[in-house]
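The structure appears right after this line, and notes come after that.
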Amino acid sequence: MSDPIESMDYDLVVDLEPNAVWKGLPPPVPLSTLQADPPPRPTELIHGLLFKGGKALGSAPSKGRKTWTALHMGICVAAGMPWFGFTTTRANVLFLDLELLPHELPERLASIQRKVGTSDSSGIFVQQLRGHRLSMDRVKAGIIEFCQLHEIGLLIIDPYYKLSGGADEIGTEGVSEFLFNLDEIAREAGPAIAINHHFTKGDSSQKSVIDLASGSGVFGRDPDLIWGIRELKDSTIEQPLVRMEFVVRSFKPVKPIGLRWDFPIWRHDESLDLELKQPGKSGKPPNENYTVENILEILGKKELSVGEWGDLSGAKLGIKVRRFKELKAFAKNNDFITERKEGRFTYCRRTRAERQDEFNALNNPYK
């Protein structure tokens, strides 16, 4: 009786290996094969930071100008201009806008183009998806096809949570699945992919840049580039200053840089002291005697989210969060502000700012 091993058709085994045995995955190969014919080195899209086909995660506090920063990145790549001093390789860019109102995106892009001195929009594509119920399953095939057709070199998704399909950002499984989908897009269509995400809660000044993004630790392990921006100790409302930090997988370590806000972009400023602002150090001593009039003056004629209003009140007045909440509640209960909900945020606007005499006549326990 013949030995079944000896009678096996080895050519058939080799032919079947990649598909039947490895189920479509690349099979193991000898190192000598790779050394003799190494895979091509991908294009450095942002030199020293990010390859084409890589993933980047940017994070900053809420309303920390993440979108402006990502738009600036995209315009620089589309024009082949330096981004904060880092050389870029010119490539087509697709921006998936999941958050801005329809008029905001073209206005922001135009203002950044004027600031950096370019008017060429030929390599920039946008898809405005605010208000649509989204998931990666719904958009992935379209993204891949579009990126292939238009040779997209950089795909920017802003923000992450609007495309996560409601997945728990704390749980590893949901975040990993989302990032696997990004890998598939990169593998099939070739772009580098940059996503924006918000900071975790708490004091960010004591954390590593890897741990700044809210949610699962996968956010700190998976991307090829992580950048984060945090406020400097000398920053003010009138002149925001931040430290931008980088963690890279494929390049030598990158030193933090200082940035100065020059609307509508951050500008690299080597003269800045890079010491971070510590929590509670607003430049003004706490004062529990502040009144409703004080926080209404901060609100002025603007419409601000509760977080923005509280942050401005804290920075300009030194008012504590608890006291601000007390005063805000009194203003709402006495019809001096109106509130509206939009997504996760509550926005406030003054309603009767001109009726100061009536306000002063109120039996105001917080005055």
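Annotations
- Residue match in segment 214-222 (condition: modelled with pLDDT of 80 or more and either farther than 17 Å from residue 65 by Cα or part of a loop (DSSP other than H, G, I, E, B) (or both)): yes
- For first residues located in segment 124-149 and more than 20 Å from residue 91 (Cβ to Cβ), partners that are surrounded by 13 or more Cβ atoms within 10 Å (Cβ to Cβ) and among the β-branched types (Val, Ile, Thr) and lie 6+ apart or on another chain with Cβ distances below 7 Å form the pairs 140/185.
- Residue within segment 262-270 that is under 30 Å from residue 71 (Cα atoms), out of contact with any strand residue (DSSP E or B) (no Cβ under 8 Å at 6 or more places or on another chain), part of a loop (DSSP other than H, G, I, E, B) and in the same structural domain as residue 85 (by TED's automatic domain parsing) present: yes
- Among the residues listed as 174, 166, the single one being at pLDDT below 90, small (Gly, Ala, Ser), assigned to a loop (DSSP other than H, G, I, E, B) and surrounded by fewer than 20 Cβ atoms within 10 Å (Cβ to Cβ): 166
- Test: residue in segment 56-72 that is under 30 Å from residue 239 (Cβ atoms), modelled with pLDDT of 95 or more and in contact with a Ser or Thr (Cβ under 8 Å, 6 or more places away or on another chain): no
- Failed criterion for residue 97 (all others in (1) surrounded by fewer than 18 Cβ atoms within 10 Å (Cβ to Cβ); (2) of a type in the set (Asp, Glu); (3) under 23 Å from residue 50 (Cα atoms) hold): (1)
- Residue 225 fulfils the conditions (1) surrounded by fewer than 16 Cβ atoms within 10 Å (Cβ to Cβ); (2) closer than 27 Å to residue 47 by Cβ; (3) modelled with pLDDT of 90 or more except for a single criterion, (1).
- Test result for residue 118, closer than 26 Å to residue 246 by Cβ, crowded, with 18+ Cβ neighbours inside 10 Å and touching a residue at least 40 places away in the same chain (Cβ under 8 Å): no
- For segment 117-158, filtered to residues that are charged (D, E, K, R) and in a loop (DSSP other than H, G, I, E, B), the residue that is nearest to residue 82 (Cα to Cα) is 120.
- Residues satisfying the stated conditions in segment 232-260, i.e. in contact (Cβ under 8 Å) with a residue 24 or more places away in the chain, acidic (Asp, Glu) and surrounded by fewer than 19 Cβ atoms within 10 Å (Cβ to Cβ): 234
- Flag if residue 210 is modelled with pLDDT under 90, exposed (fewer than 14 other Cβ atoms within 10 Å of the Cβ) and of a type in the set (Val, Ile, Thr): no
The values are calculated or read from the model by the stated rules, or taken from the named source; none is laboratory data. Since the model is a prediction, treat every value here as computed from it, not as a measurement. Methodologically, a virtual Cβ is constructed for each residue, glycine included, from the backbone with ideal geometry; neighbour enumeration extends over all protein chains shown.
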